[in-house]
Every structure is written in C-alpha cells, then in structure tokens.
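Comments concern the structure below.
Where a number appears in this text, it was derived from the coordinates with a stated rule and is not lab data. This structure is a prediction, so every number in the text was calculated from the model and none was measured. Positions of Cβ are backbone-derived with ideal geometry, glycine not excepted, and every protein chain shown enters the neighbour counts.
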C-alpha cells in the first residue's frame, strides 16, 4: 500500500527558552547544517551558541507564535489536511527537527498498512542543509526500523512549470492593489562551501557570476542556481521589468562567506537608493515561519523604514493556498498510479 510523508523543517514545542534551546541544539548539531568536524561543531554549538542564542531566539519566536502553536507547524498541518481531502492515499506529516519526528511519521504510515512511501521534502530547491539531510535521515530510519518499507522522494521542483505557475499566481495576488518600486526575492542563505560540496562535477560551481547560467549537471544539486532560476522564471511569467526586481539571501550565521547579496544589506541599499515602496517574496519556503514572519516581515521592514522607505510588503508563502494544495495533490495522485521505482 502506498502513502505519503510530507517533511518540513520543524519548530520548538513552545517559544520558551528551554524548548528553543533544545530545538536549536538538534538543528545546529546536524552535520549538514554546520558541516565542520564534530569537535568543532560541539565547541561552537554547545560551548557558545546554546549559551548565548536561545533567549534572543525565544523572544523572536514569541513575536510570531500563534494561539494554535508554531506558525510553521500549523500551516503544515493545514496543508496536510487539505491535501488529504484530494487524495485517497494516507498523508502523514513530519519535521526534520523537533518532536514531530520522521520516525513517528513513518510509524504512523506503517500502522495504516503503508509499505511504499512517497517522501516529499517541503523545499522547492535542493540544499545540503534541507532536502539532503531529510533524505539521509529518512533512509537511515527506514533501514533500522522499517526494513520492509520502500521510499521514493519527490525531486526538487523549483523549475517545474506547474509550480512556477502557482508561485507566480500567489505572488501576483499578494501584489494586487499594492504599490511597489522593487520586488525582492529573498532565499534562505547557505555557506558558499555548501554549494561547492554539492557540486557533483567537483569543478563547475565557482560562484563567479557565470557558473549558474552555464548549463551543467551540477545544477541538479546547486541551491544557488535553483534560487536564481526561480527568480528568473517568475519574473518571466509575471513580465517584470529589468531593474524592478532582484535576488538576495537571508539568515547567515558565523563569519564564513555565505551566498550574497545579503537580504538585510540589500533592503538597506534599496532604502538608501531612494526606493520608497518595496515588496519581498521568500520562495525558499512553502510555509511561513520565523525567517519570514520575524526576520523579514519585522526586522526587514524596520531596516527599510530606517533607511527612509515608506511601504514594505511581505508576501505570504504558498502555505495552504488552494492552487498549491491542488498541485501537491496532483503530484501525489500521479505518483500513486505509477509503479514504485527502487529506493
């Protein structure tokens, strides 16, 4: 029997500093998030970050926390429930970090008789710190606890025409009746070394301004290329004029070089340049979360106003948008009628 496991990032159980510290510990100790030797990661995370960051992060979570719980969890559950109404396959939901574990999600499917799983990482683009860590952990859990189960995963869907259509429609709806001089596409940042590590050719990804535009097998796993491609395809679909939109990367950590330009500095630059009205979309996420609701909608707006900007519009993620739900259900139903490929 076939079933589906949706997997998103995760969230603390509450915005309490203790729960936030536990969540951050699991997240930052992932070797695909902070990809340094274990001793260095332990020293950095447990010796420094977890002794300084949880309180500030908890305060950020408290600003965006909903009565029903974590926005990311609530929105992911709404998506799950709406998809379930459009397919006969059982749909379970899990998180890479936190208490809604992948193991629990697979167990739930097993109890419903599922032995063929369609694993859907809820990320449009492939990245070592998002999609890859989900796939690796899911396979480890499968081997150890569900050896008779097979898993197939949905590949990165950043450039699928049907996805671009849905994303473009969502952005267009968000911009209705809004004045804006500039539309910024802000993606979650990753260290530049992650791009090079994911380069299957071991030579293409130089992050030099041209590699992402030059055809290469490396693009299948190149997060930077895939982000830039989403911007290009949406801009083409919405017929955006050159110079009225751009791409940036947010949420950097530490002192190593991360993908640039940085979102906060881009917002600052646009304000200084005299842009008075801007909008910002966050297509690395399908569900609104701390990074969109606090870092962009609150901190980003504050920076823009400090630089003289007037109107700052944060566009919602796809969340449980009806078109997005219908597309996800279509992908699932299309998979359901195919023979399962080997895991």
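Thinking of region 161-314 as a set of Cα atoms, what percent of all their pairs are more than 28 Å apart? Tail fraction, whole percent: 20. Between region 60-121 and region 152-172, the C-alpha centres lie 20 angstrom from each other. Per-residue ellipticity at 222 nm computed for the chain from its helices equals -12000 deg cm²/dmol, with DSSP H segments shorter than 4 residues left out and the rest contributing -39,500 (n - 2.57). Restricting the count to DSSP beta bridges whose residues both fall in region 161-314, what percent are antiparallel, rounded to a multiple of 5? That works out to approximately 5 percent antiparallel. When Rg and the Kirkwood Rh are both derived from Cα coordinates, the Rg/Rh ratio for region 92-243 amounts to 1.04. Quick check: Cα centre of region 279-321 to Cα centre of region 175-243, how many Å? If we compute the Cα centre of each part, the gap is 19 Å.
Using Cβ counts within 10 Å as a stand-in for footprinting exposure, how do 149, 1 rank, fewest first? Before the final figure, lay out the partial values.
Values: 149 18, 1 10.
By the 10 Å Cβ count, ascending: 1, 149.
Note on residue 112 and residue 52: their simple-model spin labels are 4.5 nm apart, each label 7 Å out from Cα toward Cβ.
So what is log10(I(q)/I(0)) for region 1-114 at q = 0.13, 0.16 1/Å, when the Debye sum runs over its Cα atoms only? Summing over Cα pairs of region 1-114 leads to -0.60, -0.82.
When volume of the Cα convex hull per residue in Å³ is computed from the coordinates, the matching label among [x] 129; [y] 138; [z] 147 is [z].
List 304, 146 from most exposed to least, where exposure is judged by having the fewest other Cβ atoms within 10 Å.
Numbers: 304 23, 146 19.
Listing 304, 146 from fewest to most nearby Cβ atoms yields 146, 304.
The antiparallel fraction among DSSP beta bridges confined to the chain stands at about 5%.
Could you order peptides 156-163, 216-223, 279-286 by the average number of other Cβ atoms within 10 Å of their residues, highest first?
Numbers: 156-163: 17.5, 216-223: 20.4, 279-286: 25.1.
In decreasing order of mean packing, 156-163, 216-223, 279-286 become 279-286, 216-223, 156-163.
Which angle between 0 and 90 degrees, to the nearest 10, do you get for helix 71-84 versus the longest principal axis of the chain when only C-alpha atoms count? Taking the Cα atoms of the chain, the angle to 71-84 is about 50 degrees.
The antiparallel fraction among DSSP beta bridges confined to region 1-153 stands at about 5%. Placing pseudo-labels 7 Å out from each Cα toward the beta carbon at residue 311 and residue 203 gives an inter-label distance of 5.1 nm.
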